1. Suppose the filter is in contact with a Cys (Cβ under 6 Å, 6 or more places away or on another chain) and open to solvent by less than 20 Å² (accessible area, probe 1.4 Å); does residue 50 pass it?
2. What is the number of the single condition among (1) among the small types (Gly, Ala, Ser); (2) farther than 26 Å from residue 94 by Cα; (3) open to solvent by 20 Å² or more (accessible area, probe 1.4 Å); (4) under 19 Å from the mean Cα position of the chain (by Cα) that residue 267 does not meet?
3. So how many residues does segment 200-225 have that are of a type in the set (Gly, Ala, Ser), closer than 23 Å to residue 347 by Cα and open to solvent by less than 10 Å² (accessible area, probe 1.4 Å)?
4. Which one is farthest from the chain's Cα centre (by Cα) among residues in segment 125-146 that are open to solvent by 10 Å² or more (accessible area, probe 1.4 Å) and farther than 12 Å from residue 293 by Cα?
5. Tell me yes or no: at least one residue of segment 157-177 is buried (at least 21 other Cβ atoms within 10 Å of the Cβ), of a type in the set (A, V, I, L, M), in contact with a Lys or Arg (Cβ under 8 Å, 6 or more places away or on another chain) and within 30 Å of residue 235 (Cα to Cα).
6. Any residue at all in segment 267-287 that is within 18 Å of residue 41 (Cβ to Cβ), in a strand (DSSP E or B) and touching a helix residue (DSSP H, G or I) at 6+ places or on another chain (Cβ under 7 Å)?
7. Please specify each residue of segment 226-243 satisfying the condition of being out of contact with any helix residue (DSSP H, G or I) (no Cβ under 8 Å at 6 or more places or on another chain), assigned to a loop (DSSP other than H, G, I, E, B) and either more than 28 Å from residue 430 (Cα to Cα) or open to solvent by 10 Å² or more (accessible area, probe 1.4 Å) (or both).
8. Residue under question is residue 117, and the condition is that it be at pLDDT 95 or above, open to solvent by less than 70 Å² (accessible area, probe 1.4 Å) and of a type outside the set (Val, Ile, Thr); does it hold?
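The values are calculated or read from the model by the stated rules, or taken from the named source; none is laboratory data. Being a predicted model, the structure only gives us computed values, none of them experimental. Every residue, glycine among them, receives a Cβ derived from its backbone with ideal geometry; neighbour counts consider all protein chains shown. With ligands, DNA and RNA removed, areas are computed over all heavy atoms of the protein, side chains included. Shrake-Rupley method; radii C 1.70, N 1.55, O 1.52, S 1.80 Å.
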Amino acid sequence: MYDVTIIGGGVCGAAIAMYLSKYDIKCCLLEKDNDIAIGTTRANSGIVHAGYDPEPDTLMARLNVRGAELIEELALKLNIPYRKVGSMVISFDANDEEHLKELYERGVANGVRGMELLDKESLLAREPNLSEEVTGALYAPSAAVVNPWRLCLAMAETAAKNGVEFFLDSEVTNIEKVNGAFSVTAGGKLYDTKYIINAAGLYSDKIAELVGAKDFEIRPSKGQYYLLDKTSDWLVKSVIFQCPTEKGKGVLVSPTAEGNIIIGPNAESGNERDDVSTTREGLDFVAQEAAKTTKLIDYRENIHSFAGLRANSDKRDFIIGESALCRHFINVAGIKSPGLSSAPAIGEYVVEILEDCGMLLTEKDNWEYPAPHICFAELSDEEKAEICKREPKYGNVICRCNLITEGEILDALNSNIKPRTLDGIKRRTGSSMGRCQGGFCGVRIHEIICNYYGIPAERVLWDKNGSYIVAGKVGGKK
């Protein structure tokens, strides 16, 4: 019998697992896919919002500001790619300028520090490549960029190191209430548990429906992006937003934590929950809107276009709390933007909710962070020489674009939550994320996975289940 079962292995589920791992309870996490950080978490802007956008006195406002503080701490402790670059919300006319003043006042009410309203001259002095049509900006120095899946993975690995059990390929298909507890069917197995945390993202309303607690609806929204090569890093220094609308924060132009430039997203409603296809129409719209911010974007430098889905709901705020329709069933749903920024604070908050529900939580004496993964490219020449002397496989470069070594890939394969796919290796190491997008290193990583697991080439997946890469040997038997 588990004390707590978390459903969903995105950034919120991972954060909840990490904070619960601090306590002497039995906890597990169920994820329907073959890896964590494989849904909304892996395909978003990677922005740590300052916190001026949410309405005051909402969960979004409270958790955004606190979450941004926690992400900065976690990035340092767990060696997560993170850069505090600040953000600008730019204006183009008098109406936009009034909106910036409202956002400023909202930010003050939410506890955001250091904001400034800039005039055109001050803005262009900081961001000289913006359009001459800008009239000013709201500057928030506490905004940052982070690698979203590395944040999720680091929190999940911390949870796993401290006793949380992770079960992948474990889609929840049934939940029954039995003697005041729950019996959860997932991946064909039964998990008995006292509490359920529903952090199933795009499917959270479907999970709530299994216990008769569906009092909200998830309405997926798709956003499409361009990712430019690091050679475009001169374009902007900070996250550049246009004034937000009812549809969201609009098309942004921003550095990433790794030094690329990301452009997007648009906002498309009425999508299927797994539709992450890109379209010419959607990407053209992104380019058209981004041109209002700067006309200097060179799309010949685009190395990857992708789409992500957001778990928007029919509620204006996050849906976090014990369901009024099912005792000990706690929803963490409708986690739209600023969901990534809020995730660690959501983890903290869920601990409070469990205590309010009557769960006795006693802190462990031996809780600890795992050792950060080695990033060979960031080591000094002396450190590189020393580690290669100790383990020669760190001297074997597999990904030339990002200088990722065989030693780092084997570290990923030996981690607490083992990847079994090429994209799983990519999310943990940064391989296949450079200009060639795996054109050079993909085959070599494929071979390393085969050797590590002792499986034939035909069984290696690119990403989700069914995404096989190799059909068989040329001229071989079918």
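1. Numbers: in contact with a Cys (Cβ under 6 Å, 6 or more places away or on another chain): no; open to solvent by less than 20 Å² (accessible area, probe 1.4 Å): yes.
Spelling it out, it is not the case that residue 50 is in contact with a Cys (Cβ under 6 Å, 6 or more places away or on another chain) and open to solvent by less than 20 Å² (accessible area, probe 1.4 Å).
2. So residue 267 meets the others, but not (2).
3. Our first condition is that a residue be of a type in the set (Gly, Ala, Ser); within segment 200-225, this holds for 200-201, 204, 208, 212-213, 221, 223.
In the following step, the residues that additionally are closer than 23 Å to residue 347 by Cα were identified as 200-201, 204, 208, 213.
Those still in the list that are open to solvent by less than 10 Å² (accessible area, probe 1.4 Å) too: 204, 208, 213.
Total meeting the criteria: 3.
4. So, considering only residues that are open to solvent by 10 Å² or more (accessible area, probe 1.4 Å) and farther than 12 Å from residue 293 by Cα, the one farthest from the chain's Cα centre (by Cα) is 125.
5. no
6. Quick first cut of segment 267-287, residues within 18 Å of residue 41 (Cβ to Cβ) only: 271, 273-276.
Next, from what is left, pick out any that are in a strand (DSSP E or B): none.
Taking every residue of segment 267-287 in turn, none turns out to be within 18 Å of residue 41 (Cβ to Cβ), in a strand (DSSP E or B) and touching a helix residue (DSSP H, G or I) at 6+ places or on another chain (Cβ under 7 Å).
7. Initial filter on segment 226-243 (out of contact with any helix residue (DSSP H, G or I) (no Cβ under 8 Å at 6 or more places or on another chain)): 227, 230, 233-236, 239, 241.
From what is left, the residues that are assigned to a loop (DSSP other than H, G, I, E, B) are 233-236.
Passing the criteria: 233, 234.
8. Values: at pLDDT 95 or above: yes; open to solvent by less than 70 Å² (accessible area, probe 1.4 Å): no; of a type outside the set (Val, Ile, Thr): yes.
No: the conditions fail for residue 117.
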